[in-house]
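The values are calculated or read from the model by the stated rules, or taken from the named source; none is laboratory data. Since the model is a prediction, treat every value here as computed from it, not as a measurement. Using ideal geometry, Cβ is built from the backbone for each residue, glycine included, and neighbour counts are taken over all protein chains shown. Areas reflect the complete protein model, heavy atoms only, side chains present, ligands, DNA and RNA absent. Shrake-Rupley method; radii C 1.70, N 1.55, O 1.52, S 1.80 Å.
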Amino acid sequence: MTSRYAQLSREQLATLVPELLLIGQMIDRSGMAWCISSFGREEMLQIAIEEWMGASPIYTRRMQKALRYEGTDVVTIFKGLQLDIGAPPQFMDFRYTVHDRWHGEFQLDHCGALLDVEPMGEDYVRGMCHDIEDPTFDATAVATNRRAQIRPIHRPPRTPTDRQPHCAWTVIIDEGYPAVEDHPALGVIRRTRAAGTELDPIDPSGEGQSDYSGALVSDFDFGAFSHSALVRMADEVCLQMHLLNLSFILAVGKRAGTDTELAKEICTKQLIGLAGIAAERVHTALGLPGGIEGAMRVLELHPLVNPTAYVSAEFGQHTVHAHRSPAHEDGAWISLVGPAEVRPLQAIAAGVDPHLDVEVVGTDIDWTARVFETTTAAKEFPEVSVAKVSGGATVVVEPRKSLPLTGV
């Protein structure tokens, strides 16, 4: 099946892919407030740990294979971070140093996630920068080498309060280190349809780079890559989001137990918040038109319905028809939308123009949504307002020079 992103130009894709990486980072900003209110701060931390450990090793390996930079060294780990929704460019401004294949360092000159939690107090800072980072950084490295250790040189809480860089870490691979074990959630997520989704291979004949097998660069230059490579990246980043969300669903369900309605409520609130933020960012970044035309363009590019190989949907001038797909089988985002739950689609439409609304007819697994104009501006959903507390809602990704850090 042809990717929906193939309709975009190479220049548009070079703008969109880093936006998708940032949108993936916003999954937690959209979901964790509702986890805190239902389960408390400590359980929220555990949800975050299980969520990332269950998904990141899978999607990291997928991107390595797609862009042909599979390996077992520090350079491979750093390349993976540059294409990870856990480290979107500039919002999480990683700077890398490679000493040799087995020794390196990175620092964050800017950590948007830190700036989001610092106003909440030291407990939240320690929760993110200690409790969550320690196991999840190692889980990220697992995709490359089980004997990699990522350890802090310094990290928040910041002393003094304006310390720069925000944090710094060593990355060392040593055969003497104990092998990092898989989290039990990883086995569950590996069995999902999302994990095994096959996407079209990159065409190596197009203008621009078709892979990342060469030197590690300081800032990933999306504009240097071919149209085909960028389409594949966009689809892979959407799968990263689906995998992370499926892991989030698993962790939330574990806490909710038999209260399946509570779990569904939390996951739906997360989707509504993310849907609105993603729509606004895609619409603005690509300079898409307003009105129904713009809303339909945004919806077609939204991670809710991508990639095509995972989510089945057909688009008309004012309508989208979604039907049974691998995403429904997994219980992914699309399974939360239907005639009885229209808010995620309404958040997308309102993210383009608050004078747009959506109606849905059909069944839970086979429905048609229609976008239409209204005379009254819709109020912003509280779930979108909560997500907008994050600086990720407003950060602007700027062009940067991409300098080689290592030889081939």
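Could you work out the equivalent-ellipsoid semi-axes for segment 42-99, taking the square root of 5 times each eigenvalue of the Cα gyration tensor, largest first, in whole Å?
Details: eigenvalues 100, 46, 22 Å².
Whole-Å semi-axes of the equivalent ellipsoid: 22, 15, 10.
Among all the lysines, which ones have a C-alpha under 23 Å from Lys65's C-alpha, if same-chain residues fewer than 8 places away are not counted?
Those lysines meeting the cut-off are Lys79.
Carbon and sulfur together cover what percent of the accessible area of the chain at a 1.4 Å probe radius?
That fraction is 51 percent.
I want to verify the translational diffusion coefficient of segment 331-408 in µm²/s; compute it with Stokes-Einstein, Rh as the Kirkwood radius over Cα pairs, at 25 °C and 0.890 mPa s. Write out the running numbers ahead of the final one.
Details: Rh = 15.4 Å.
Rounded to a whole number, D works out at 159 µm²/s.
Any chance you could check the Cα centroid distance between segment 1-77 and segment 108-181 for me, in angstrom?
17 Å
For the ranges 311-323, 203-215, what's the packing order if you count other beta-carbon atoms within 10 Å of each residue, average per peptide, and put the highest first?
311-323, 203-215
Which one of Met53, Gly31, Leu13 is farthest out on the positive end of the charge dipole of segment 1-94, using unit charges on Cβ (Lys, Arg +1; Asp, Glu -1) and the Cα centre as origin?
Final value for the positive-end residue is Leu13.
What ranking of Ile277, Ile292 comes out by heavy-atom accessible area, probe 1.4 Å, highest first?
So the residues, ranked largest to smallest area, are Ile292, Ile277.
I need the fraction of alpha carbon pairs in segment 234-324 separated by more than 18 Å, rounded to a whole percent.
Looking at segment 234-324, the distances longer than 18 Å represent 54 percent of pairs.
I need two numbers for segment 74-155: Rg to one decimal and Dmax as a whole number, Cα atoms only, in Å.
12.9, 39
Segment 254-408: D in µm²/s via Stokes-Einstein (Kirkwood Rh, Cα pairs, 4 °C, 1.567 mPa s)?
Answer, rounded: 78 µm²/s.
Cα-based Rg (one decimal) and Dmax (whole number) for segment 183-286, in Å?
17.7, 53
Out of all Cα-Cα pairs in segment 139-205, roughly what percent, to the nearest whole number, are more than 19 Å apart?
Values: 1335 of 2211 pairs.
When every Cα pair of segment 139-205 is considered, 60 percent fall beyond 19 Å.
What whole-number value in Å² describes the accessible area per residue of the chain for a 1.4 Å probe? Don't skip to the answer; put the middle values down first.
Values: 16330 Å² over 408 residues.
Per-residue accessible area for the chain comes out at 40 Å².
On a straight-distance basis, which lysines could pair with Lys379 in a cross-link, Cα separation under 19 angstrom, same-chain partners fewer than 8 positions away excluded?
Lys269, Lys388
Which order do the peptides 301-308, 369-376 take when ranked by the mean count of other beta-carbon atoms within 10 Å per residue, highest first?
Ranked from most to least packed, the peptides come out as 301-308, 369-376.
Enumerate the whole-percent occupancy of each 5 Å bin, from 0 to the last occupied one, for all C-alpha pair distances of segment 17-165.
Taking every Cα pair in segment 17-165, the percentages come to 2, 9, 17, 23, 22, 16, 8, 3, 1, 0.
Compute the orientation-averaged projected area for the chain from the convex hull of its Cα atoms and round it to one decimal in nm².
18.9 nm²
Can you give me the Cα centroid spacing of segment 265-320 and segment 343-408 in angstrom?
So the two Cα centres are separated by 6 Å.
Among 35-45, 340-350, how do they line up from the highest to the lowest mean number of other beta-carbon atoms within 10 Å?
With the highest mean Cβ count within 10 Å placed first, the list reads 340-350, 35-45.
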